[in-house]
1. Report the charge-dipole magnitude of the chain in Debye, nearest 20, computed about the Cα centre from +1 at each Lys and Arg Cβ and -1 at each Asp and Glu Cβ.
2. Which cysteines in the chain lack any other cysteine whose Cβ sits under 4.7 Å from their own Cβ?
3. Treating the Cα atoms of segment 168-304 as identical point scatterers in vacuum, please give the log10 of the normalised Debye intensity I(q)/I(0) at q = 0.13, 0.16, 0.20 Å⁻¹, two decimals.
4. Amide H neighbours of L329 under 5 Å, at least 5 residues apart or on other chains, H built in the peptide plane: list them.
5. Using only alpha carbon pairs under 8 Å that are at least six residues apart, calculate the relative contact order of segment 15-110 and give it in whole percent.
6. Check which residues have an amide H placed less than 5 Å from Y290's amide H, if you skip close sequence neighbours.
7. Using a Förster radius of 56 Å, what is the FRET efficiency between R368 and V9 based on their Cβ-Cβ separation? Nearest 0.05, please.
8. Can you work out the FRET efficiency for the pair D158 and I63, with r the C-beta to C-beta distance and R0 = 30 Å, to the nearest 0.05?
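None of the figures in this text is laboratory data; all of them are computed from the coordinates on show. These numbers were taken from a predicted model, which means no experiment stands behind them. Here the Cβ positions follow ideal geometry from the backbone for every residue, glycine too, while neighbour counts run over all protein chains shown.
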Amino acid sequence: MNWTLTMSVAGLFAGLLLLLGLWEYFARRRHNRKWLDELSEAKRIGTDEPLSQHPHINPHRCIGCGCCVRICPEGVLALVEGTARLIHASQCVGHAYCEQVCPVGAIVVSLGDIRSRPDVPILDENLECSLPGVFIVGELGGMALVRHGINQGTRAIDEIARRIQNIAGRPDSMAPVDVLIVGCGPAGIAATLRARQLGLGHVTIDREGLGGAVRKYPHNKLTMTQPVDLPLYGRLRRRRYRKEELLQLWEGLFHRLSITVRREEWLNVRPLPNGALESTTSQEKIVSRYLVLALGRRSSPRRLGVPGEELPHVFSHLDDPATYANQALLVIGGGDSAAEAAIALAHGSGNRVALSYRRPEFFRMRRRNLQCVERLRQEGRLDVILDSEVRRIEQGHVVLTVHRDGAKIERRLSVSAVFILIGGDPPFEMLRRLGIRFGASAAAGHKSSLQ
């Protein structure tokens, strides 16, 4: 009797284990199928290819714990067949939370091998490009985020100071300025502060003034920094700062230290026979021993090339959404800048906002922005017009061509303001003409170490 009871209990237990195993097997299959379908969709719309730094996953080390997936704020990663995989690689901005939480060190966030990438300049381990004495830091070198810009700006100046110290007491170029810093966003600010801290003669220029492109962020835009050390200030401890908070911090620091940023546009540089560098700006020529380029990747806003683009109610950035109320507004673009502007304007009192994008679906928008756009569309607060092109802009109206089921439909929108947020033209061609080499044209043996 006892033997029979024992066998019955064991059989029941084995049956339960089998059911649990089958449930886990089919649940895992559904999970894998979901993310494999998501990866196929990402490949179709083009979000599977990275644009900047991104996670490099060692599948032999990965234990499938999912820590990296849960902590990623951009929805870049997923667990597929027990291993972390990149799904929407283009949406990675390099927070590196995944690298920090991985318990087995299976993830490294870097640019990877850039030798075949025409959009990333070739730099050595000191951030110096192929033009001797010229350093490239921040977004221009492919590294996004405030934290990376600050760290790289500081690193470049440390290397310049080391070289200047090594030639002390020897014949020198006798340049009146130790370093010219072009650009005053996060990387340029850090470089300027570090140069002052180390006693280097420096000049900083930016056509937008202190803050650079950050000044063009929408009012109250949250900027993710992560804790980082800013020279002559100390630790930026918070993970998020609003645009106005960062600008106030930087302006107060520069005012206290009596540092002036010249509002000039950098045009080109040429080496002099004595080893110095002569830079031409929109206002003067500046001779320096070294040059730090912290230009960013968007030197000038892109244009649509349509009639009416020059009208006074057409803008290339949104400064303060709060100034718009009870207005008909059109935002043009499919990236995060356009999404954030449309979202902010849609929350304005009484605004009627439309978002026009030339493709049939969004593919470069961060997940949280995409979700917010979709929610506002469903609530009727945002008119999303996909697969549409602007034909002309008139005073009070915009004419669009909308593609629907193979047909072209003309749509006329009443608007009081138009925001063209389609990105900017990077200064790559100008830099190539100056002799700065990029990945696709790199000579053998000149390797990048931006990792």
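1. With only Lys, Arg, Asp and Glu charged at Cβ, the dipole is about 460 debye.
2. Within the chain, the cysteines lacking a partner Cβ under 4.7 Å are C62, C65, C67, C72, C92, C102, C129, C184, C372.
3. -0.60, -0.86, -1.21
4. Answer set, sorted by chain and number: R352, V353, A354, S416.
5. Value for segment 15-110: 32 percent.
6. Correct list: V179, L180.
7. Efficiency computed from Cβ-Cβ geometry: 0.65.
8. Efficiency at R0 = 30 Å is approximately 0.20.
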